[in-house]
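Read the structure below first, then the notes.
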Amino acid sequence: MIMTGLRRRPIPFAQRPVTLLHEQGRASLDLKWLEDFLALVEHGSFTKAAEARFVSQPAFSRRIRALENWLGVELIDRNAYPTRLTRLGEDYTDSIRDLVARTYRLRSEMRARDAAGDRLVVSTQHSLSVTFCPRWFGEIRPLLGDNSIRVKAHNLHDCLDQFLSGQSDLLLCYFSPDVYPELERSDLARLQLGTEQLIPVAAPGLAAAGGARYPLVGFPTESFFGRLVQTDCIPASMESGVEFDLVFETALSESARALALEGTGLAWLPASLVRRDLEDGRLVRVPHLPAVPMQVVLIMNRANQKKVLRSIWEYMESDHAGMLSVAP
């Protein structure tokens, strides 16, 4: 949802999901499309299913359509209200459910036989992979023994997708109770490792110009930072009489930082990501605009009994975790 007071200009370039590979002229099947379909069957509406899948409704609808395009048939009767499956959709729901279950069973069996099965896989956001992971890895390295660690850096939605589907052992991410409340589940354990702020920054010349309107380097509204900017930053700024022109949108905080350094526009960015830029004077904090507090959390599925994971988790629960705060 776009707030009043935020005007969109044509965006010269935007980070988009990687284009799917094509085989014989048709996009490759994505397993998450099948899971989206099953979520739609379970919840009975696009809105509820999209919320359960941690994605915006338009993006969810596009993924269902992508599945139908890949299959070459319609699964959803879009002329019916409330949402209803076509006859083919009804007849093949069990087959799709079985296919998804068999795929995950196959993965579990292969992982169990993998000699490197004790490798620790961590899903995290791009900015945390730069600002937090190097120090965190140094802290837990003695606990790894002969095991290795693999960090998968993505936007938060993809991190959630990987973690909740069992593709990673830990989720290291920014957290706000108002964004993705679905993470507050009884089967997930969560540790707060530090605090952080999303702060408004701009190149010195742009910040000095001041005024009641700024060019904005923004994030997609369905992204974590995008939601915080839209729900907390823009409304509070509007109350102060400040408005924004969206000139560039990107899902990557490092990209937004680079654009802010170039003077393209103001951006709300994690304080730890721009700490040195602020110290060197390459960016300045815009003082009359709001900042948003965030937590840095580590999340584990309680059912995961991997030994190296348990050792690290017990260590992080101790007082040692306190020295890892990312607040500048």
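Which of the residues belonging to segment 222-244 are hydroxyl-bearing (Ser, Thr, Tyr) and surrounded by fewer than 17 Cβ atoms within 10 Å (Cβ to Cβ)?
Correct list: SER240 only.
Read through the list (1) more than 24 Å from PHE60 (Cα to Cα); (2) at pLDDT below 95, then give the number of the only condition that ARG227 fails.
Here ARG227 clears every test but (1).
Just a yes or no: is a residue in segment 222-232 closer than 22 Å to LEU164 by Cα, touching a helix residue (DSSP H, G or I) at 6+ places or on another chain (Cβ under 7 Å) and not assigned by TED's automatic domain parsing to the domain that holds VAL201?
Scanning segment 222-232 turns up no residue that is closer than 22 Å to LEU164 by Cα, touching a helix residue (DSSP H, G or I) at 6+ places or on another chain (Cβ under 7 Å) and not assigned by TED's automatic domain parsing to the domain that holds VAL201.
Name the strands (runs of 3 or more DSSP E) wholly inside segment 118-175 in which the number of residues that are in contact (Cβ under 8 Å) with a residue 40 or more places away in the chain, touching a helix residue (DSSP H, G or I) at 6+ places or on another chain (Cβ under 8 Å) and more than 23 Å from ALA303 (Cα to Cα) is 2 or more. Full working, then the answer.
On the way: elements: 120-125, 149-154, 170-175.
Counting at least 2 such residues, we get no strands (runs of 3 or more DSSP E) at all.
Which one of TYR214, TYR174, TYR180 is under 30 Å from LEU246 (Cα atoms) and modelled with pLDDT under 90? Break it down stepwise before answering.
On the way: TYR214 fails: modelled with pLDDT under 90; TYR174 fails: modelled with pLDDT under 90.
Going through TYR214, TYR174, TYR180 in turn, the sole match is TYR180.
Tally up the residues in segment 176-187 that are closer than 17 Å to GLU51 by Cβ, in contact (Cβ under 8 Å) with a residue 60 or more places away in the chain and not in a helix (DSSP H, G or I), please.
2
For segment 14-35, give me the residue count where each residue is modelled with pLDDT of 50 or more and closer than 14 Å to ASP158 by Cβ.
Taking segment 14-35 as the starting set, the residues that turn out to be modelled with pLDDT of 50 or more are 26-35.
Checking the rest, the ones that are also closer than 14 Å to ASP158 by Cβ come to 30-32, 35.
The number of residues fulfilling the criteria is 4.
Within segment 44-63, can you find the residues that are part of a loop (DSSP other than H, G, I, E, B) and surrounded by fewer than 18 Cβ atoms within 10 Å (Cβ to Cβ)?
Of segment 44-63, the ones part of a loop (DSSP other than H, G, I, E, B) are 44-45, 53-56.
Scanning segment 44-63 gives GLY44, SER45.
Name every residue in segment 157-174 that is closer than 19 Å to TRP136 by Cα, in contact with a Phe, Trp or Tyr (Cβ under 9 Å, 6 or more places away or on another chain) and hydrophobic (A, V, I, L, M, F, W, C), in order of residue number.
LEU170, LEU171, LEU172, CYS173
The values are calculated or read from the model by the stated rules, or taken from the named source; none is laboratory data. Computed from a prediction, not measured in an experiment: that's the story for all the values here. In this analysis, Cβ positions are derived from the backbone assuming ideal geometry, glycine residues included, and neighbour counts consider all displayed protein chains.
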